[in-house]
Each structure stands twice: as structure tokens, then as C-alpha cells.
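Enquirer: Can you read through this structure? Questions will come right after.
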Amino acid sequence: MAATGLLGINPYQKGVAIDIASKPINLAIQLEQKEAAKREALDKYLMDYEKSFNPDGMRKIDQDVFLGKLAKAKQYYLQNRDKILNPAKYGAEAQSTYFSGLRDAQNSIGQSKQAMAQDKLATQHYIAQKDLNAPDGYADALALSHLSIGDERYKPLDVTQWKFYKTHDPMEYANKVFSKIPLSESAPEIIDVKGRPGYIYYKTTSKISPQNYGRVLQDGYNSFETDEGLRKTMINMFDDKEKVKDLELKYNTKIPTAKALAGVYTLDLQPIKETTTNPEQSAAAKRFADEQKAKRLIDYNRGQVAPVRNLLDDVASIKNLSNKSVNISKGIVLGKDNKPYTGDVPIDGANIPPDIFTVLGNYKINISARDRFKLIVKDGRVQGLQTKKGQIIDRGTIEAAQRKYDTEPKGVPGLYPEAQATEDVDIDLSKFNLGKK
């Protein structure tokens, strides 16, 4: 039988010794050893490759995704080890698939770290908004960005696509609109002081002129498009048909949309400023006061001295005063429960007895009826006034001012005349739902 193969011998011939020192045999062994060493090194490299992965910095929710992909690649390796280690024999497909699985696992680390960075950015962006309101849909988008990167619903949050907005503040908005629109002032009007015959003051009213109405309406329309806080407020207000109807009647116009409402609403916020002079006593009133003073002096000389009535007890009767919803009747202050009130009550100077300004001015305490004050009230009785600067003028001070003003001659006890009766009004308690929970 002829010799065959690389060794140049007949492999089937018995008793023939193989000379392993021959070059062809030695070369084959060396090649096989090199390939075995390469396979061993590659095997070790591939089995230890996962140690090079550094999952630190991943979101906890994504760690299972990384470990799952790594386990899947490792399982594929164990099932296809020979094919992966012998690409020359089996082709490169198995090895390529395995490396693809490893890259996929490693990529999940980068994806998770990027998601972590985006989460931090979203948190910083949210904190930076402080008291602003999140736009519609933001909460849902934020929830999707917090899903695992392995979830098909996961979607990173792009903070540049979300515009937070400020809650609408009518006063701030009105100041912004009307600060650039001049007010027209009316001619002075003579007004009688309520409940004080013979006293008058002059009042002027400042508001925008009708020729500026169109400008204000347009400001409202524009703000509806650019101010999300105003836009949402108008959409909610438009659902209040009664309020819309009131504005339609007030301005004799139709309001078909929330945007149109924004214009009329803005117009309705126009500032109306009333300026009044200090109360002035007419000549007739002065004569009456002089007559009363003379009469009281005669009574004093006869020993018939009436006690001084403090002017704080003559504060005008008012219903539902200011934002306190209190009522004043015959000098007594009642709360929502129709019981004597204790606390402070904002009040206009026009509702304070004008004589208070007169006697205090004479007492070197100058305050104006044009100012706002607070009544200091305890158990329904006015104990004093607090000025806008915080100064408190109590009953004792006002009584002393009354006595000083009315002391004639010097050294005679004060004979301040009895206060004139003021026209009282019934207290409207219907809004308080008395007796109901």
C-alpha cells in the first residue's frame, strides 16, 4: 500500500516506528500547541472579560438589565464554546454573536449612567423652578424617564421641552398692565361726610380713559397667549357662566371664548383711585359747635357737667367691613357670629368721625382722613386707632385731645359736647348662615 499523508509513511503498516523528530511531525505538533495555547488564552480572556465591566454609577433599577444581558451572553458562551474558540473551523458567526452580547451588556452601563445624569438634571431643573407650577403632562413624562432602560416605555426627559409657569396673581398682573397706561383724573366733587352734618370733603377719581380700552383688551389677549398662569385662570373662569354673564352686562359685550374673557378681565382690573381732602367744617357747622360749646360752659358753671363721650364710639355704622366681614352698629363691632368682635379691622379714614382729626391736630397728632387705619377692638368696643406707620392712638389719648380742644377757659375740665347721633343701618347677617354648620 502506498505511503500517504503528511508523514510520508503508510499508517496501516504494522511495526513501523514514527520518527517524531522529523520536521513535518514536529511542525504539526508545534502548530497544535500554539493553537491550544491561543484557545486557552482566549477562553480565559473571554471568561474573565466581565470583570472589566464597571457598573458603578448605574441606577439601581437598571442593574438587573445589565446582569441579565451579561448572564445571557455567558450562557451563550458556555453553549457554543468550541465554535467561539475555533472561528477558523466553525466560522466567525458564533464569536460575533457572543461579542455582540457582551457589548450589549456593557452598553447598558453607559445607558444607565446617562439616564442617571439626566435624572439629576431633571431634579435640578425642577428645584430651580421653586414655586412655579409644572405644565400638563410633565408628571407622566417624568415617570417614564424613571423606568428601567430595559422597559420599552422608557423615555429620557428633555427639560428644555417643559416650561413651568407662575400662578396668576391679579394684583401683580394689574400693576404690570396699568403701570404703562396713564390715568385720567376727574374734576373734584364735593361730598358730604356721612352722618356728620356740616362737614364736607372734595373727592377726585382717577381711572383709565375710554380711548385706552382697546389697548388694555389687546394686552389681555396677548397675555393669554404668553402667560400660562393667566391662560389657565381664564379657562377655569370661563366655565363660571354667572361670572362671565356679569362681565358681559357690565361692559355690554359678548365674551365667546376664554381668550376674549382675558381681555375683558384685564379691563375689569383697571385701578380706580379716589383722592379726598381732609374734612372741612362749614360755617354753619362751626356756628353750631360754638353754640354747643357755649351752652356746655353754662352747664358747667351751673354744676351740670355731662361725662365726655369718646369719639371712637362714633365710628360710622358699616356692613361687611373690609375682608374681615365684620359689622359696626352704633359704635359696637360685631363678628361673623354676630357676637362682640376682638381683633383689628381695616377701615378708611372717611368712616372715622371727622372730629377725631380736628382734636388730634390740635393735640399735635396729625393724621389724615385720606389714609387707611386699623381699629383696635376688644369685646366689640373700639380701643384705639393704628396708623399706616404702626402708631397706636388709644382712647385715653383721644379723650385727652378732646378735653384740651374744648377747655375754656384754661384750667376748666373738658366739656366736649355730646356726639351727634349718626344714621344707623341694619346689619345684614344673611351671608353668615347663623345657626348652620
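The values are calculated or read from the model by the stated rules, or taken from the named source; none is laboratory data. No experiment lies behind these values; they were computed from the predicted model shown. For neighbour counting, all protein chains shown are included, and Cβ atoms are generated from backbone atoms with ideal geometry for every residue, glycine included.
Enquirer: Determine if segment 98-116 includes at least one residue that is more than 46 Å from the chain's Cα centre (by Cα), touching a residue at least 40 places away in the same chain (Cβ under 8 Å) and over 30 Å from K232 (Cα atoms).
Expert: yes
Enquirer: Residue check, H168 against (1) surrounded by 13 or more Cβ atoms within 10 Å (Cβ to Cβ); (2) in contact with a Pro (Cβ under 7 Å, 6 or more places away or on another chain), all met but one. Which one?
Expert: Only one criterion in (1) surrounded by 13 or more Cβ atoms within 10 Å (Cβ to Cβ); (2) in contact with a Pro (Cβ under 7 Å, 6 or more places away or on another chain) is unmet by H168, namely (2).
Enquirer: Out of the residues in segment 247-275 meeting the condition of being among the charged types (D, E, K, R) and either closer than 25 Å to S179 by Cβ or not in a helix (DSSP H, G or I) (or both), tell me which one is modelled with the highest pLDDT.
Expert: K259
Enquirer: Shifting gears a bit: Output the residues belonging to segment 83-108 that are touching a helix residue (DSSP H, G or I) at 6+ places or on another chain (Cβ under 6 Å) and of a type outside the set (D, E).
Expert: K83, I84, L85, P87, Y90, A94, Q95, Y98, G101, L102, A105, S108
Enquirer: P210: under 19 Å from Y251 (Cα atoms) and at pLDDT below 85, yes or no?
Expert: When the stated conditions are applied, P210 passes them.
Enquirer: Same structure, new question: With the condition kept exactly as written, say whether any residue in segment 372-381 is surrounded by fewer than 16 Cβ atoms within 10 Å (Cβ to Cβ), of a type in the set (K, R) and touching a helix residue (DSSP H, G or I) at 6+ places or on another chain (Cβ under 8 Å).
Expert: yes
Enquirer: Among residues belonging to segment 165-198 that are modelled with pLDDT of 70 or more and among the acidic types (D, E), point out the one that is nearest to K330 (Cα to Cα).
Expert: E189
Enquirer: Which ones in segment 357-370 are at pLDDT below 85, closer than 17 Å to A316 by Cβ and either not assigned by TED's automatic domain parsing to the domain that holds K339 or not small (G, A, S) (or both)?
Expert: Across segment 357-370, the qualifying residues are T358, R370.
Enquirer: Which condition breaks for T160 when tested against (1) of a type in the set (V, I, T); (2) surrounded by 13 or more Cβ atoms within 10 Å (Cβ to Cβ); (3) without any contact (Cβ under 8 Å) to a residue 60 or more places away in the chain?
Expert: With respect to (1) of a type in the set (V, I, T); (2) surrounded by 13 or more Cβ atoms within 10 Å (Cβ to Cβ); (3) without any contact (Cβ under 8 Å) to a residue 60 or more places away in the chain, T160 is out only on (2).
Enquirer: Pick out the one residue from E228, E280 that is more than 30 Å from P353 (Cα to Cα), acidic (D, E) and modelled with pLDDT under 90.
Expert: E228
Enquirer: Go through (1) more than 16 Å from Q161 (Cβ to Cβ); (2) of a type in the set (A, V, I, L, M); (3) in contact with a strand residue (DSSP E or B) (Cβ under 9 Å, 6 or more places away or on another chain) and name the single condition A134 misses.
Expert: Here A134 meets the rest and fails (1).
Enquirer: While we're looking at this one, here's another question. Within segment 35-85, restricting attention to residues that are closer than 23 Å to K155 by Cα and not in a helix (DSSP H, G or I), which residue is modelled with the lowest pLDDT?
Expert: Ranking the qualifying residues of segment 35-85, first place goes to P55.
Enquirer: Now a separate question. Only one of these is over 30 Å from K273 (Cβ atoms), within 32 Å of the chain's Cα centre (by Cα), surrounded by 14 or more Cβ atoms within 10 Å (Cβ to Cβ) and in contact (Cβ under 8 Å) with a residue 12 or more places away in the chain: L183, L121. Name it.
Expert: None of the others qualify; the one that does is L121.
Enquirer: Another question, then. With the checklist (1) in contact with a helix residue (DSSP H, G or I) (Cβ under 8 Å, 6 or more places away or on another chain); (2) surrounded by fewer than 15 Cβ atoms within 10 Å (Cβ to Cβ); (3) of a type outside the set (G, A, S) in hand, flag the one item I255 doesn't pass.
Expert: The single condition I255 does not satisfy is (2).
Enquirer: From A143, A139, A134, A128, grab the single residue that is without any contact (Cβ under 8 Å) to a residue 40 or more places away in the chain, under 29 Å from the mean Cα position of the chain (by Cα) and under 25 Å from Q63 (Cβ atoms).
Expert: Result: A143 is the single residue among A143, A139, A134, A128 that is without any contact (Cβ under 8 Å) to a residue 40 or more places away in the chain, under 29 Å from the mean Cα position of the chain (by Cα) and under 25 Å from Q63 (Cβ atoms).
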